[in-house]
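The values are calculated or read from the model by the stated rules, or taken from the named source; none is laboratory data. From a predicted model like this one, the values you see are computed outputs, not experimental measurements. Note: ideal-geometry Cβ built from the backbone for every residue, glycine included; neighbour counts use all protein chains shown. Note: accessible area is taken over every heavy atom of the protein model, side chains too, but ligands, DNA and RNA are not part of it. Shrake-Rupley method; radii C 1.70, N 1.55, O 1.52, S 1.80 Å.
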Amino acid sequence: MLPAGWLLKYDVTVEYSSRVISPNTNRISRIKVHVSFKSFFLKFRTALLTLSWFASCLCAQSTIFRNTDPSVAYVGSKSCGEAGCHAEFYRDYQPTPHGQSMTLANIPSDLARVPRSVTVFNPANNRHYTVYQQNGDLYQSAYELDKSGNKIYEIAHKIDYVAGGESVGYSYLFQVGSWIFQAPLSYYAHSQTWELSPGYVKDDVGFTRVMTTGCLLCHNGQPDPVVKRDGMFKAPAFRFGELGVSCESCHGPGALHVKEMRANPKRVLAAGEIYTSIVNPARLKPRLADDLCQECHQAGDAQVIYPGKTVMDYRPGTPLADTIAIVKRPIKPEQREEANRLESNPPIRGSLEQPLWWKNSTLELSKCYQASHGQLTCFTCHSIHHSPKPGEEKAAYRAACLTCHTVKSCTLKPEDPKRVAAADYCVECHMEKRPVAGIAHSNDTKHRIVRYPGQPLPDVAFEQPRPDLPGLLWMNRPEDEPSAGMPDLAQLEAYFTAARKDPSLWPYWFRKLKQLSATEPNDPTVLVSLGAVSLAQTKDNARAAEEFMLAIRNGSEDPITFLNLAAALENLGRGREAEGVLERGVAAYPYSGQLTARLAQQLAMNGQAGKARLLIKQYRKVFPEDTMVRQVEEQLDATGNAAPLSVPQRPAPMPLPR
């Protein structure tokens, strides 16, 4: 065996021959790939890793999984757990964090967190929240007191589902008709306390926070949403009655695999052959394998769904970039010193430091990742089927480090106090636990692997935007298609979302909108954006109304479209038409406080105060705490009418560039 520091010089030629199977047929073609290495130097361990890298790339590139085809149906995880199939994997997976990422709320482990009622007071809005058990079910309630100590209102909702895990905590969901909402109290595992749910300290919306498909998809692998009604679900809300992240979340739809295996259950694979009827993540190229995790564990300043697609369209084994674009603002050269300083300081929400839940991009800043040419993946350290048991985590993650490093890689002497304190646990020093900015009582592992805490960021952290997307970095840009561009409509949405955090990006949004107004003048997203500019910037209400109407005719059914169209019509003195638009919006979104408040206001202005009061009464039976609806009710009580409330509009703070 050669010493680790020796250098090797060699000439290698590799010929790889394999079969490629069409995704839609069983037709097989044979390809040959030639790779030559001519006289280059590498350290011994790096040489082995590099050869392994090329070999794994060749194997991965040769495999096309046929269940990535959109025609293949999902069948549910229970099909995987049938006797004679993958019963052991299915059984072992159920108690893992992913398998338990969502459960029913009335199971013993969840009820045990509430041995007695707990009340949390939010002084910002004088609201009291209580979580309690009743008849074997979990409830959360809310009430406010007037100056005399009397309750202004009180409402309780039975909790239906729990999402989360012991690493951070648990949030609670309840269903009203076909809609799913988040409850305002969460249980934080580290402190073992009940407190306001993440985000509620800044914006306490009571029980009205809608759970979108994108949120649920990362806790439940089989949501069944209603098209164009984000937060509304079919009955039952989850296909196959399945809770938790399903087998098919990582392996893709299983109907083709089940069909072929049932037709030929005794089939024996030839040497080197694999099943192509279902995705095997171990056979994917590293980037495609990481995409499985990146969908949920990598955020950005904007996550944009491509035109004509939904979050449900991503299929394991295909590039995430075919469905979703993840973008972020770059760190500017003049911010380098500040960014490096933050690596040593406690994280602050909104600072230059990447949030801890940006797992993939922080890992990619590691020298380990860079030196491995991207072969260091999520699966290098994480075993989804067999998560380490309590008390075995340190040994498991240390063993993952030692697949590349050795015990002698640690430069600290065995007796060094730091090494003794860490008990030779690599993660303790090289992947520190840090508080999660914006989430109380939460610590998480920072996935950037460093030599020492506070190590300055590598040059790659200061990558600057490319000409095809000025002002933003495309974090999941297709690696095999360097010339691939993000669709213009996706760019428009990316700039809009990111510009609300960084106003310097608004000119890019306007520029892209001007381009699309010529190339895609009838697209609903373009029309809604043009209408917002006409309404808020140029004050051309007639043009805004036309643009919003056309957007609705062409498929836009977002609440903001109904609100903005009603505002334009009211400004034109067409109050009755505005009323009809808002009624259509409330019919589509019966639990939207904004639409309900605006319709009640419009009804009152149109001389129908009684109808407005009835609308508010019906809504407040479910959500009496809704601030905007209560404001309209107070105006009605005070005046018998209602002055116009401010209508939420898409920000358009800058003129169109010439």
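Just how large is the dipole of segment 305-398 about the Cα centre, in debye to the nearest 20, putting +1 at every Lys and Arg Cβ and -1 at every Asp and Glu Cβ?
Dipole magnitude for segment 305-398 comes out near 80 debye.
Taking only the alpha carbons of segment 162-245, what extent do you get along each of the three principal axes, in Å, biggest first?
Result, largest extent first: 37, 25, 18 Å.
Across the Cα atoms of the chain, what radius of gyration and what greatest pairwise Cα-Cα distance (Dmax) are found, in Å?
That works out to 27.7, 91 Å for Rg and Dmax.
Give the average over all directions of the projected area of the C-alpha convex hull of segment 435-539, one decimal, in nm².
It is 10.4 nm².
Taking the dipole about the Cα centre of the chain, with the C-beta of Lys and Arg at +1 and of Asp and Glu at -1, give me whichever of Thr596, Ile152, Cys401 is farthest to the positive side.
Cys401
On average, how much area does the Cα convex hull of segment 154-307 cover when viewed from any direction, in nm²?
13.3
Under the rule of at least 5 residues apart or a separate chain, name every residue whose amide H is placed under 5 Å from the amide H of Ala73.
Ala255, Leu256
I want the local charge near Ala568. Using Cβ-Cβ distances under 11 Å, sum +1 for each Lys or Arg and -1 for each Asp or Glu among the other residues.
-2
On the protein heavy atoms, probe 1.4 angstrom, tell me the percent of accessible surface of segment 159-285 carried by carbon and sulfur.
Carbon and sulfur together cover 57 percent of it.
Hey, if you drop one equal point scatterer on each alpha-carbon of segment 333-417 and run the Debye formula without solvent, what base-10 log of I(q)/I(0) do you get at q = 0.17 Å⁻¹?
-1.01
Would you work out the charge dipole size for segment 264-356 about its Cα centre, treating the Cβ of every Lys and Arg as +1 and the Cβ of every Asp and Glu as -1, and quote it to the nearest 20 debye?
Dipole size: approximately 360 debye.
For the residue pair Thr538 and Asn126, what label-to-label distance in nm results when each label sits 7 Å from Cα along the Cα-to-beta-carbon direction?
4.6
Taking the Cα atoms only, what angle lies between the long axis of helix 609-620 and the longest principal axis of the chain, rounded to 10 degrees?
Computed tilt is about 30 degrees.
Explain nothing, just the number: relative contact order of segment 99-253, from Cα pairs under 8 Å at least 6 residues apart, as a whole percent.
19
Using the Cα centre of the chain as the reference point, and only Cβ charges (+1 on K/R, -1 on D/E), how large is the resulting charge dipole? Debye, rounded to the nearest 20.
Here the chain has a charge dipole of around 920 debye.
Quick one: angle between helix 286-297 and the longest Cα principal axis of the chain, in degrees between 0 and 90, rounded to 10, please.
30
Nearest 10 degrees is fine. How inclined is helix 488-499 to the longest principal axis of the chain, computing both from alpha carbons?
70
Kirkwood hydrodynamic radius, computed over distinct alpha-carbon pairs, for segment 270-321: how many Å, to one decimal?
About 12.7 Å, per the Kirkwood formula over Cα pairs.
Using the Karplus curve 6.51 cos²θ - 1.76 cosθ + 1.60 with θ = phi - 60°, work out ³J(HN,Hα) for each residue of segment 64-81 in order, rounded to whole Hz, and write x for Gly and Pro.
10, 8, 6, 7, 6, 5, x, 6, 6, 8, 7, 10, x, 5, 4, 5, 6, x
Which whole-number percentage describes the relative contact order of the chain, with Cα contacts under 8 Å and a sequence gap of 6 or more?
Here the relative contact order equals 10 percent.
Tell me which of Gly221, Ala271, Val210 sits at the most positive position along the dipole axis of segment 139-291, charges placed on C-beta atoms (Lys, Arg +1; Asp, Glu -1).
Ala271
Along the charge dipole of the chain, which of Leu412, Trp474, Ala638 sits closest to the positive end, that is, farthest toward it, with unit charges on the beta carbon of Lys, Arg, Asp and Glu (+1, +1, -1, -1)?
Of the candidates, Leu412 comes out farthest on the positive side.
Assuming a ≥ b ≥ c are the square roots of the Cα gyration tensor eigenvalues, decide whether segment 552-631 counts as rounded (a/c under 1.5), prolate (otherwise, with a/b larger than b/c) or oblate.
Here segment 552-631 falls in the oblate category.
Would you please state the base-10 log of I(q)/I(0) at q = 0.16 1/Å for segment 345-479, with intensities from the Debye formula using one equal scatterer on every alpha carbon?
Summing over Cα pairs of segment 345-479 leads to -0.99.
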